[in-house]
Amino acid sequence: MSDQDKIALAQSDSAVLRRIADALERLAPPASARADLAGTDAFIWHPGRGLVAVPRVNRVHMALLKGIDRMRDILVENTERFARGLPANNALLWGARGMGKSSLVKAAHAGVNAALGPTAGLLKLVEIHREDIESLPNLMTVLRPQPYRFIEFCDDLSFDADDTSYKSLKAVLEGGIEGRPENVILYATSNRRHLMSRDMMENERSTAINPGETVEEKVSLSDRFGLWLGFHRCSQDEFLAMVEGYVAHFHVPVDANTLRREALEWATTRGARSGRVAWQFVQDLAGRLGVMLREDA
């Protein structure tokens, strides 16, 4: 091979390597940016990007959450103690769909932060998605040295038969040698009290050598939450109170009889009564009446 051929081959190889490097650069996740924790009070955790600030949280005002007074009072009191540096428990909010579990977590964070006065802004809300739960230890490492207090929030937390990530969650909550950082608390919502499906637990009983021990291992996950707050389906009166609360808050012009009749008809066609169904009805009603659903100035 002549010197000219060798030079041409080297140039060709170099071009190929550059294309490979460029392709790998495009595939690589973006570098984690250091979040400005002082600039906002809510974040979403992305394992490849770190904490991403949420400028405006999608939340409902505490006064609009009807029919959950007892759960509201318990969670707010627990959150206040945590915000003031006092002992507080991890909380599992479980039960019926659409009854305000995740809305209560976000409202409690906002309400307690507003009541902190000069120390407002010290309590941060960090949402971690269910599919990222295995990265929870990494998130704990990021939050541990910070001068703020953090509510780690996981919405719709549950585990399927082949999912073993619940074991790492158990260790992070109470079982690891480091333990949960003093400035971190975990609030999770789920439709399941024990975070496992009934079919999954029954299958474990039928196939395990020692079914009692196997089921106990899975049930013990929910035991890591010191607070169990149950949310149950609302009554007709509670459903109507939810609708009336939204209508009054957003100044929707409708007479009481029409509102009651249409709200009950809406719930009947949906086959359910809940806070979510009440909000969906109010959105439909406001749309038909040409009313914008905006917060009061």
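The values are calculated or read from the model by the stated rules, or taken from the named source; none is laboratory data. This structure is a prediction, so every number in the text was calculated from the model and none was measured. A quick note on method: Cβ atoms are made from the backbone with ideal geometry, for glycine too, and the neighbour counts reach across all protein chains shown. Side chains included, ligands, DNA and RNA excluded: accessible areas come from the protein's heavy atoms. Shrake-Rupley method; radii C 1.70, N 1.55, O 1.52, S 1.80 Å.
Details
- Length gained when the stretch Asn138-Ala272 is fully extended (0.36 nm per residue, less Cα-Cα span): 44.3 nm
- Inter-label distance, nm, simple model (7 Å from Cα along the C-beta direction), Arg130/His46: 2.1
- The calculated FRET efficiency for the pair Ala114 and Arg193, based on their C-beta separation and a Förster distance of 35 Å, comes to about 0.65.
- Linear extension gain, Ala53 paired with Leu86, 0.36 nm per residue minus alpha-carbon span: 9.2 nm
- With the simple spin-label model, which puts each label point 7 Å out from Cα in the Cβ direction, the Glu77 to Gln280 separation comes to 3.4 nm.
- For Ser102, the solvent-accessible surface computed with a 1.4 Å probe is close to 30 Å², ligands and nucleic acids excluded.
- Anisotropy class of segment 80-120 from Cα gyration tensor, a/c 1.5 cut: oblate
- Segment 226-297: C-alpha gyration tensor shape, a/c 1.5 cut-off, then a/b vs b/c: oblate
- Once the C-beta distance of Leu264 and Asp156 is scaled by a Förster radius of 35 Å, the resulting FRET efficiency is 0.80 to the nearest 0.05.
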